[in-house]
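The values are calculated or read from the model by the stated rules, or taken from the named source; none is laboratory data. Keep in mind that what you see is a predicted model, and the values were worked out from it rather than measured. A quick note on method: Cβ atoms are made from the backbone with ideal geometry, for glycine too, and the neighbour counts reach across all protein chains shown. When the accessible area is computed, the model is the full protein with side chains, heavy atoms only, and any ligands, DNA or RNA have been set aside. Shrake-Rupley method; radii C 1.70, N 1.55, O 1.52, S 1.80 Å.
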Amino acid sequence: LPVDHLPRPELVRLIQDAAHCRLILLCAPAGFGKSTLAAEVAEQLPAHGPSVWVALGPGDSTPAQLLHTLILGLRTLFPETGSAELALLSQLHADQPLAIEAVLADLLADLQRRYSPRQPVLLILDDYHLVRSTDRLCALLCENLPTCFQILITSRARPQYSFARMRVSNQLFELDERHLRVEPDLATTFLKRAGVDATDTQWLRQRIDRNEGWF
């Protein structure tokens with residue numbers, strides 16, 4: 001987190017209280033602090049609850065590329081996971097089709113053998129809007145990851161797969177720009193740190209409205 005980070009304890013608490021959910025979705029336009037909030041959540045995990053941070057980019061916009069990046073992320077916590085799958089992906093030609101379900105099933109079976117089912121893990125997929133063409137793969141992850149895994153997605157746009165079943169089973173928790181908007185007290189603190197006089201409440205409200213609630 002940056003040195004001048006302003007904590008959002010109320011949002012962190014909301015996410016912590018959703019520990020029973022399979023998927024946490026932070027969806028808002030650029031500049032609302034989604035990645036920063038995800039980092040704050042990860043830093044406050046208990047010692048027995050590690051996290052895997054996967055920073056997504058345009059290069060991960062195919063299932064094969066995303067799988068490759070995901071495996072590298074998982075290996076930071078579970079070394080040697082997905083060795084066979086990495087070898088397969090490295091031999092895959094650009095125009096060669098990928099049996100996503102089969103490869104992912106093998107990867108998850110390998111992961112299942114290596115991790116303790118008593119160990120909760122937070123898997124963070126940051127900037128998901130850059131890889132929305134891989135929605136099917138992410139849906140499979142939500143459905144088939146080991147039970148103690150929780151997925152946190154930050155995105156500027158909602159994934160296109162259906163959340164109906166997860167919502168009905170209380171496995172989905174969502175925060176959007178309404179929750180991430182900066183309240184006047186936090187905005188005042190931010191402006192004071194920047195050396196700005198924020199005692200004029202009407203002026204402060206105008207600034208918040210003009211900036212659509214974000215720093």
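Observations on the structure shown:
- Scope segment 146-158; condition open to solvent by less than 10 Å² (accessible area, probe 1.4 Å) and at pLDDT below 90; matching residues: PRO146
- Residue selected from segment 124-139 under the condition open to solvent by 10 Å² or more (accessible area, probe 1.4 Å), in a helix (DSSP H, G or I) and of a type outside the set (Gly, Ala, Ser), by the criterion modelled with the lowest pLDDT: ARG132
- ALA42 being modelled with pLDDT of 90 or more, surrounded by fewer than 18 Cβ atoms within 10 Å (Cβ to Cβ), part of a loop (DSSP other than H, G, I, E, B) and within 19 Å of the chain's Cα centre (by Cα): no
- Any hit, segment 54-62, residues being in a strand (DSSP E or B) and in contact (Cβ under 8 Å) with a residue 40 or more places away in the chain: yes
- Output for segment 3-18, where each listed residue is part of a loop (DSSP other than H, G, I, E, B) and either under 17 Å from the mean Cα position of the chain (by Cα) or of a type in the set (Phe, Trp, Tyr) (or both): ARG8, ALA18
- Test: residue in segment 149-166 that is in a helix (DSSP H, G or I), under 27 Å from GLY49 (Cα atoms) and either in contact with a strand residue (DSSP E or B) (Cβ under 8 Å, 6 or more places away or on another chain) or not polar (S, T, N, Q) (or both): yes
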